[in-house]
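Note sheet for the following structure.
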Amino acid sequence: MAENGDIRLLGTPSSPYVNRVQFVCNLKSIDYEYVAENLACKSELLLISNPVHKKVPVLLHANESPICESLVIIEYLDEIKPDVYRILPSDPLERANNRFWAHYIDNKFYPLYEKLRITQGKEGKEAIKEQIIEGSIVLEEALVKTCNGKVYFGGDNVGYLDVVLGCFLSWTYFVEKENEFTIFDEVRTPRLVNWAKQGDMERVTWTGPLRAAGPKAAQMNFRRGAAAGAGERPAGSGSLGILVTGERDWLRG
């Protein structure tokens, strides 16, 4: 295995999936070179590094094979530098449980944001809102079960699920504003509301180059994605657009 130096990260600043990786690198004090990608005109490096999906993020570590998909990258970073700020729990059962909820967030909860966007008619949108609210209650229960009475999913400190869900907070606020409803609510999900208010969660949400631009830049990208990002949709990937699961959306390329 290569040493911890010579790491490059291919990404785009408004992608929460890229932000996940950046935040973990910061937590673990891993130096890396950020290589900004223009997803409208993808570089040869990106296409060669991720020939299957042609998406960001991609981690290039010295002369090793490229590593794709944010959750895979995070686990890799945790393994190459295990002595500094462990992201995943050390207990195998807890790790498995964390992976289960990460899959739920990426493949069940977050795709509802995109489904809400493309659904026509008030009645249809209200039905999707109810599904999102039900999903938030499920996540509230997951937080209660995994936090051991502490603030974060990881307990006293930010952990794997905090990074996975936290990277979507800015988009959650935007979806709430655009659709005039509350996803994380003081009555239904008080623990998640308190969790989202923590300073570390703001750092997860606005990491790297996007932090300087702020939420307005993300919202502009969100709207541009409605027109520009609905193109590449791999077969079997489901409903894909500006806010979508599995890192195959305009935020990824």
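The values are calculated or read from the model by the stated rules, or taken from the named source; none is laboratory data. Not measured: the values here are computed from a predicted model. Using ideal geometry, Cβ is built from the backbone for each residue, glycine included, and neighbour counts are taken over all protein chains shown. Side chains are part of the model used for accessible areas, which takes the heavy atoms of the whole protein and leaves out ligands, DNA and RNA. Shrake-Rupley method; radii C 1.70, N 1.55, O 1.52, S 1.80 Å.
Remarks
- Among the candidates Ile87, Ile74, Ile48, Ile105, residue that is farther than 24 Å from Gly159 by Cα, modelled with pLDDT of 95 or more and out of contact with any strand residue (DSSP E or B) (no Cβ under 7 Å at 6 or more places or on another chain): Ile48
- On the stretch given as the range 137-155, residues that are in contact with a helix residue (DSSP H, G or I) (Cβ under 7 Å, 6 or more places away or on another chain) and either assigned to a helix (DSSP H, G or I) or over 22 Å from Cys167 (Cβ atoms) (or both) total 6.
- Scope the range 74-97; condition in a helix (DSSP H, G or I) and open to solvent by less than 50 Å² (accessible area, probe 1.4 Å); matching residues: Ile74, Glu75, Tyr76, Leu77, Asp78, Ile80
- Every residue from the range 32-45 that is at pLDDT 95 or above and open to solvent by 80 Å² or more (accessible area, probe 1.4 Å): Glu33, Glu44
- Test: residue in the range 24-38 that is of a type in the set (Phe, Trp, Tyr) and in a loop (DSSP other than H, G, I, E, B): yes
- Every residue from the range 50-63 that is open to solvent by 10 Å² or more (accessible area, probe 1.4 Å) and either part of a strand (DSSP E or B) or over 23 Å from Lys81 (Cα atoms) (or both): Pro51, Val52, His53, Lys54, Leu60
- Among the residues making up the range 155-192, none is open to solvent by 10 Å² or more (accessible area, probe 1.4 Å), free of Cβ contacts under 8 Å to residues at least 60 places away in the same chain and of a type in the set (Gly, Ala, Ser).
- Yes/no for Thr207 being at pLDDT below 90, buried (at least 21 other Cβ atoms within 10 Å of the Cβ) and farther than 18 Å from His103 by Cα: yes
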